[in-house]
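Peer 1: If you scroll down you'll find the structure; I have some questions about it.
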Amino acid sequence: MSLATSEGFGQEAFRKIGVNSFTQAERAQKLMSSLGPVGYDIAAKEHEANEQGYRREFIVDEPLSLPHFYYCFQNELYSYPVKHDLVKISPSIHPGERDGRTLAGFKRFEETTFSPGNQVTLWYSPAGKAGQTPPFDTISFDSGRLYFNFKTNGNESVNLDLKVKEDDFPIDRILNYLSGTPEKSPDLFYYLDHPIGFSQEAGDFLSFLEHAAEAVGIPDDLPIYVARRNDADRQTHTWGQVVKQLREFLTRAVDKTVKIQLPLTPVLAADLTSAETIEERIYGMMHQFMQQTGRRTLSLYGCSATSIFNLEDLINPGAKIITAGLDLSGPPNIFATVYRLENNRSEEFVCPNCRKASPPPVGDNCPKCGISKDAAKEKGMKTC
């Protein structure tokens with residue numbers, strides 16, 4: 001299947017499995033045609049990172065991402081040590097996300113990161129509405145994201161992000177404590193606009209971070225995130241646990257002789273530009289995880305509520321999926337709009353009668369106007 005003829009196949013993948021495989025394949029082709037052998041190396045590494053991230057974020061549903069090395073050129077972040085627009089991070093943030101507020105906040109995050117004296121920078125993207133204009137007006141992020149940037153040597157930095165269930169964990173108290181902001185800051189969006197810089201070296205900062213929850217009176221056993229929350233093997237993660245893992249990941253990332261990621265099957269250049277192959281490999285990861293854990297069904301956390309697969313379906317997958325309809329450019333990275341959309345969104349229900357949006361889940365009646373699903377059908381309206 002050629003890149004040109006795979007567009008429909010790939011673009012339909014976004015909502016069901018959370019990946020626009022056509023966009024990934026198109027990007028790989030652009031990298032290789034623009035940068036030659038270096039482009040292939042970048043495309044292969046991006047492919048590996050995408051698969052590792054997918055398994056960790058969607059399938060296993062871990063709260064803390066793997067560490068990523070990003071690079072500074074003229075006070076801007078790049079995903080690879082090449083000063084080229086194809087690996088520049090800021091274009092990957094859609095200007096429509098939160099009506100431009102996310103992109104503006106990221107620019108301030110870069111400024112804070114490269115401010116003289118700062119060694120660590122935090123930035124927070126809250127849960128909630130993704131924007132006021134289509135398609136963001138019908139999308140909500142179901143978890144907050146706490147981003148970490150740790151400077152290392154030269155122009156390198158290690159970057160990670162942490163999913164936070166704001167309904168269960170008072171992350172605002174920790175952010176207020178870390179920033180020295182008055183206890184009642186306006187709201188969590190304050191930290192989307194105002195990244196926090198620290199002069200401590202990474203080790204000292206992490207020691208400070210470990211005691212932050214205790215300092216603001218948060219119980220040791222209060223979960224910051226519950227992985228696979230609807231499954232029998234769900235796992236709770238506390239602040240102390242994720243900070244400990246953050247320290248381990250950072251130590252191992254800086255020691256580049258230690259490989260954190262699991263080894264994956266090498267991929268050919270032709271496969272990097274095939275949307276169909278990209279999806280098949282994802283289905284293969286899902287099938288493998290189900291076999292390893294004895295599952296007959298698998299829920300993908302971060303996709304829509306309908307993203308539940310049966311083991312039999314994954315032997316010969318043929319899912320037809322709805323496109324997100326977004327023009328998203330830039331390198332894959334933890335700050336990208338597509339990253340938040342892929343594994344952190346829930347799409348709102350829009351009533352066919354009153355046209356008002358409500359966050360999921362909804363029952364058989366619209367929470368706004370009260371019309372039932374059956375009544376809407378009788379009026380000839382399209383229902384889910």
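Peer 1: If I model a spin label at R296 and A104 as a point 7 Å from the Cα along the Cα→Cβ vector, what separation in nanometres do I get?
Peer 2: Simple spin-label model gives 5.3 nm for this pair.
Peer 1: Please order E378, E166 by the number of other Cβ within 10 Å, starting at the fewest.
Peer 2: E378, E166
Peer 1: So how far, in whole Å, is the C-alpha centre of the stretch 213-234 from the one of the stretch 25-86?
Peer 2: Centre-to-centre distance over Cα atoms comes out at 30 Å.
Peer 1: How would you classify the stretch 14-55 from its alpha-carbon gyration tensor, with a ≥ b ≥ c the square roots of the eigenvalues: rounded for a/c under 1.5, else prolate if a/b is greater than b/c, otherwise oblate?
Peer 2: Judged from the Cα gyration tensor, the stretch 14-55 comes out oblate (a/c at least 1.5, b/c at or above a/b).
Peer 1: Rounded to whole Hz and in sequence order, give me ³J(HN,Hα) for the stretch 115-127 from the Karplus expression 6.51 cos²θ - 1.76 cosθ + 1.60, θ = phi - 60°, writing x for Gly and Pro.
Peer 2: 5, x, x, 7, 10, 9, 9, 10, 8, 10, 10, x, 5
Peer 1: Would you please classify the overall shape of the stretch 8-105 from the alpha carbon gyration tensor, given that a ≥ b ≥ c denote the square roots of the eigenvalues, rounded means a/c under 1.5, and beyond that prolate means a/b larger than b/c while oblate covers the rest?
Peer 2: Judged from the Cα gyration tensor, the stretch 8-105 comes out rounded (a/c under 1.5).
Peer 1: Here's another thing I want to ask about it. Lys and Arg at +1, Asp and Glu at -1: add these up for the other residues within a Cβ distance under 15 Å of R247 and post the number.
Peer 2: -3
Peer 1: Taking K and R as +1 and D and E as -1, what net charge do the other residues with C-beta under 13 Å from the C-beta of T293 add up to?
Peer 2: Charge balance near T293 sits at +2.
Peer 1: Could you put E46, E214 in order, starting from the residue whose Cβ has the fewest other Cβ atoms within 10 Å?
Peer 2: Ascending number of Cβ neighbours within 10 Å: E214, E46.
Peer 1: Let me ask another. Determine the relative contact order of the stretch 93-232: mean sequence separation of Cα pairs under 8 Å and six or more apart, normalised by residue count, in whole percent.
Peer 2: Relative contact order of the stretch 93-232: 27 percent.
Peer 1: Within 10 Å, count the other beta carbons around each residue, average over each peptide in 220-228, 61-69, and list them highest first.
Peer 2: Sorting 220-228, 61-69 by mean packing, highest first, produces 61-69, 220-228.
Peer 1: Follow-up. Note down the nm distance, to one decimal, between modelled labels 7 Å out along Cα→Cβ at K45 and at D168.
Peer 2: Rounded to a tenth, the inter-label distance reads 3.5 nm.
Peer 1: Give K165/K377; K30/K165; K83/K151; K107/K368; K83/K129 a once-over and call out the pairs whose C-alpha atoms are over 30 Å from each other.
Peer 2: Cα-Cα > 30 Å for K165/K377; K30/K165; K107/K368; K83/K129; rest within.
Peer 1: Set the Förster radius R0 to 22 Å, insert the Cβ-Cβ distance between L222 and Q245 as r into 1/(1 + (r/R0)^6), and round the FRET efficiency to 0.05.
Peer 2: 0.85
Peer 1: Please work out how much length the chain gains when fully extended from F189 to A232, using 0.36 nm per residue of separation minus the C-alpha to C-alpha distance, in nm with one decimal.
Peer 2: Between F189 and A232, full extension yields 12.1 nm more.
Computed from the coordinates by the stated procedures, all read-outs in this text should not be read as laboratory data. Because the structure is a prediction, the values reported are computed rather than measured. In this analysis, Cβ positions are derived from the backbone assuming ideal geometry, glycine residues included, and neighbour counts consider all displayed protein chains.
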